[in-house]
1. Can you figure out the FRET efficiency of residue 243 with residue 194, using R₀ = 22 Å and their beta-carbon distance, to the nearest 0.05?
2. Debye calculation, C-alpha points only, no solvent: report log10 I(q)/I(0) for region 52-131 at q = 0.15, 0.19, 0.22 Å⁻¹, in the same order as the q values.
3. Taking the Cα-to-Cβ direction at residue 151 and at residue 340 and moving 7 Å from each Cα, how far apart do the two end points lie in nm?
4. Going by how many other Cβ atoms sit within 10 Å of their own, how do 68, 98 line up, fewest first?
5. Restricting to Cα atoms and excluding each atom paired with itself, what does the Kirkwood estimate give for region 501-571 in Å?
6. Quick check: residue separation of residue 283 and residue 503 times 0.36 nm, minus the Cα distance between them. What number comes out in nm?
7. Can you compute the modelled spin-label distance between residue 562 and residue 37, with each label point 7 Å from Cα toward Cβ, in nm?
8. Calculate the radius of gyration of the Cα atoms of region 216-313 to one decimal place, then report Dmax, the largest Cα-Cα distance, as a whole number, both in Å.
Amino acid sequence: MKTAFKNITLNLAIILGLINNVLNAQFDIQSLNDSIVEYKAAEPQKALEYGFLALDSFKNEQVMSLEFVNTNYYLGEVYFYIEEYKTSFEYLSKSLEFYDLLKPNQRRNKNVIKPPWVLTIMGSVYFQKKDYVNAERYYNEALDNFKLFDSNYNDEKYFGIKTSLLNLSQVKRAQGDLKSAKDLLDQMSETVKKFIDKPLDNLQVYVAYMELFIFSGNEKMVLESFDNIKSTYESLLKLGSSNLELKLNLSNANRLYADFLQSKGEVKESLEYLLYAKELAEEIPNELPKVNLAISNTFFSLGMYNNAKDLIQENLYASEITQSQKLNNFKLLEKIYVNEGSNSDLLKVKDSIIFYNEAPLKNQEEFEFNTLENLILVSEKQDDLNKSRLRTNRIILVSILSSSILILVLISFKFNFDLQKEKNARLNLEKDKIKEELKLKKRELFSKINFISQRNEYLKKIREQIGSEDTNQNKIKAEIKNITNSEKAYEEFDKMFSQVYPKFYKRLNSAAKLSQTDIRLASYIKMNHTNNEISRISGISLRTVESQRYRLSKKLKLTNGQDLNSFILNI
């Protein structure tokens, strides 16, 4: 309760603060960008609010600026941290696009072709999607651009090269090329050694080596790396270093070592290192849910179910937890209730798992992400064409500047062109808004179908498992059947379907006089569901679905050669 009240109070304070800032115009886009950077790790939602304010403030600007390029990059970075990879990629792509529009004197470093930090996060998006070929391509491009930094940016150049080598090593490790992965870590280590004023980075190097040795199963080197991490940490503490990055590296090292012990069957021994990892991560909100889940899994393995449930509840109330992390916590809770034989609690958790299960949405997001990539490639080709056209236009313009009459014509043409361009831009914005709203409704529709299907299937299994002799069990079966056949979820589906396909029901009813069952069957066919999927969604047998299809074909007066699916999809 205290945590919930604290979150509500914090959110209210954020909203009031943002409103106050807008009303009093206290922040320009640079100040808002600074706020995004300040809150992006600790309070990502607050960072997003500042980012949206920065985008709004740019509407009044007349020319493209580096600050606006950075705003899109920071938003892409925040969305990456909260695992919204498609949205992250969209903002990062915009950042690259706007960077190309900057004049050379507007860029922070005139030697850099593309902003390498943007390329780094884009590579990380591909890495999370296990597309290692594209991840490596972006990481290498980032490394090439970091090397172009001049002497005014030595610290950033060093940090960027170090980060790129680490990222490339992780790609090689994921691909199973352990030799190349170690060679890249060796290059990273040599880079760090050149900067003696960066002792904290030695810790990061040792953690990277430790992770590689765990992956390769080299126990001796794992222990040696872990000892180096602990001694380096103690040395830095004696030198007066104490910051979140230092604690984060040691926390990660302890979590890795705990995983290593568990792989050897030493589960109980690993708990000590996980608890210490949590102690180190207490001030790092985004890290806590990961550590808590690791500890909860360990408690589960040791049969300490109550301890595991307490930590899961702590995780689920955390404002920094991502949707995928929530799903993993609910799945662990499901295992605990199965082992405890708690059927009533198990049913509630099943509903939560169904709600947070993103399988259909992930498929749609993957499709949208691939579409976005293709659009970016098309956009790049279009930019090349536009540049070519621009050069041609310049030549033509030079040839006609001798005539004052043509100059006046060109000025008039330019004015009309800009006016039409502005109209087209507004029209495109409206189209994009409509498309986004339609995408959202389609997502909600698919989510509702998935919820109905999984709920009915799960309840059907429970009903089949319950015996038929006991009176109370028969009552439970009847109640479950009522839930399965409940019209409420279907009514919500019908409402969402009408919003996505507003003219479908009207056109269908004009073709024949149909029952509610006929209309709902046609809706499922319109969404491209198979007979098996319709059976699962409706909670009826496959044979019943086939009978309903036959009756619907008759009512629609389809001939023997006409396909029901094709007819409905063309409505």
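1. According to the calculation, E is roughly 0.45.
2. Debye intensities relative to I(0), on a log10 scale: -0.52, -0.79, -0.99.
3. 6.7
4. On the way: 68 23, 98 20.
Result, fewest neighbours first: 98, 68.
5. Numbers: mean 1/r = 0.0814 Å⁻¹.
When all Cα pairs of region 501-571 are included, the Kirkwood radius is 12.3 Å.
6. Values: separation 220, 0.36 × 220 = 79.20 nm, distance 5.37 nm.
That works out to 73.8 nm of additional length.
7. Calculated label separation equals 6.6 nm.
8. 14.1, 42
Values quoted throughout were computed directly from the atomic coordinates according to the rules given, and no laboratory measurement underlies them. The shown structure was predicted, so the numbers you read here are calculated from the model rather than taken from an experiment. Here Cβ is always computed from backbone atoms with ideal geometry, including for glycine, and neighbour counts include all displayed protein chains.
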